[in-house]
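Here the structure comes first, spelled out in structure tokens, and everything after it is commentary.
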Amino acid sequence: MNRPAMIIDGLNLFMRHYAAHPAMSQNGDQVGGIVGFINTITRLTEKIGPSEIYVIWESGGSIKKRGIFKDYKKNRKPMKLNRYYEDIPDTISNKKNQVRIIVEALKSTAVRQIYIQGCEADDAIAYMTKYTFKDQRKVIVSSDHDYYQLLDNKTIIYSPTLKSFVNKKTVSEKYKVSVENFCLAKSIAGDNSDNIKGVKGLSYKSLAKLIPETTSSHELTLDELFDHAKKTHSEKKSISSERLVKNELLVRRNWRLVRLDTNNLSFEHIKKINTIYENDKSVNNKFGMIRFLLQLGINNVNVDHLFLSLKSLER
């Protein structure tokens, strides 16, 4: 099959539009997240021509990751709103309601949705990328850098923030480390947005200079990484190599947090993903979606255009 599967990180895409899109319904409700989300599906479906579309929703965060580090993603800064109007409400109930409407609206389409409780969307998407669609081309839609470790010759990313595609070459040119070693590099550099402390003074680029093996296509194990780090320290005695060696436990913990595979999924999570994948869904209820949105006063979604683009899934 030549056409790729398109896998969307639901909350990531929604929040981009929720923060930026000022659309209002006829009832005076904020609907920017809804309008932007559905219109993006239309645009990307036309651009990519996927064979299947999946939207992965998460709730409650990762229980396993909080077990590894209780302060994981704690004290995250609220997303800055970038709207034209200052009187649009920013409330938890408003966000939840918009997501609920998107989920309900997409039930009238051939877009499949997977709701994951107790883990993160990136873990579920990693499973689908590595196993469900192992031998098929796929496009991950998200602005989350965690997905860079999943890039390979059959996997690319579309970033709504960059408004462009990201591939292995893109990451290598920007961060200097290879995608095969991006997870290790992030475990060392840390991630402030997720409250993951890194090794002081070591960024992706400085790591590439300190441990040149991180730029290769060979995926280093943690043991191999620290063998190289200890050898480099014995030869150069640099502050950076000393810090890396002394923070081995921190890096190993971070690796468990940022590594995307089955390690943070339960058997029930995997079973749910497999069940939805194996059960074919061919819904095409355009007028049902139109009625649903109009009842809510939402008339700024081009439903005709959406369903026209989704015809590519029927081929």
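Please go through the stretch 115-137 and pick out each residue that is farther than 29 Å from N192 by Cβ and open to solvent by less than 10 Å² (accessible area, probe 1.4 Å). F133 - this is the single residue of the stretch 115-137 that is farther than 29 Å from N192 by Cβ and open to solvent by less than 10 Å² (accessible area, probe 1.4 Å). Counting only residues that are in a helix (DSSP H, G or I) and open to solvent by 10 Å² or more (accessible area, probe 1.4 Å), the stretch 18-39 holds 2 of them.
Of the set (1) touching a Ser or Thr at 6+ places or on another chain (Cβ under 9 Å); (2) surrounded by 18 or more Cβ atoms within 10 Å (Cβ to Cβ); (3) in a helix (DSSP H, G or I); (4) not acidic (D, E), all apply to P50 but (3). Restricting the stretch 176-220 to residues that are small (G, A, S) and outside any helix (DSSP H, G or I), which is farthest from A126 (Cα to Cα)? The extreme case among them is G201. Out of L249, L225, one residue alone is exposed (fewer than 13 other Cβ atoms within 10 Å of the Cβ) and either of a type in the set (A, V, I, L, M, F, W, C) or not in a helix (DSSP H, G or I) (or both). It is L249. Does T215 qualify as being open to solvent by 60 Å² or more (accessible area, probe 1.4 Å), in contact (Cβ under 8 Å) with a residue 40 or more places away in the chain and among the β-branched types (V, I, T)? Spelling it out, T215 is indeed open to solvent by 60 Å² or more (accessible area, probe 1.4 Å), in contact (Cβ under 8 Å) with a residue 40 or more places away in the chain and among the β-branched types (V, I, T).
Table: residues versus (1) of a type outside the set (V, I, T); (2) under 26 Å from P4 (Cα atoms).
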{"residue": "G198", "(1), (2)": "yes, no"}
{"residue": "T262", "(1), (2)": "no, yes"}
{"residue": "L265", "(1), (2)": "yes, yes"}
{"residue": "H305", "(1), (2)": "yes, yes"}
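Sort out which residues of the stretch 176-212 are touching a residue at least 60 places away in the same chain (Cβ under 8 Å) and either within 18 Å of L150 (Cβ to Cβ) or over 19 Å from the mean Cα position of the chain (by Cα) (or both), and write them in order of number. Hits for the stretch 176-212 are C183, L184, K186, S187, I188, D191, D194. Here the stretch 74-106 is the region considered, the condition is being charged (D, E, K, R) and open to solvent by less than 100 Å² (accessible area, probe 1.4 Å), and the residue that is modelled with the lowest pLDDT is R83.
Restricted to the stretch 157-175, and to residues there that are part of a helix (DSSP H, G or I) and either of a type in the set (D, E) or loosely packed, with under 12 Cβ neighbours inside 10 Å (or both), the residue that is nearest to the chain's Cα centre (by Cα) is K169.
In the stretch 252-294, of all residues being farther than 30 Å from G201 by Cα, part of a loop (DSSP other than H, G, I, E, B) and of a type outside the set (A, V, I, L, M), the one that is least open to solvent (accessible area, probe 1.4 Å) corresponds to S266.
The values are calculated or read from the model by the stated rules, or taken from the named source; none is laboratory data. As the structure is a computational prediction, the values presented were derived from the model and not from experiment. All Cβ positions, even for glycine, are placed from backbone atoms using ideal geometry, and neighbour counts span all protein chains on display. Side chains are part of the model used for accessible areas, which takes the heavy atoms of the whole protein and leaves out ligands, DNA and RNA. Shrake-Rupley method; radii C 1.70, N 1.55, O 1.52, S 1.80 Å.
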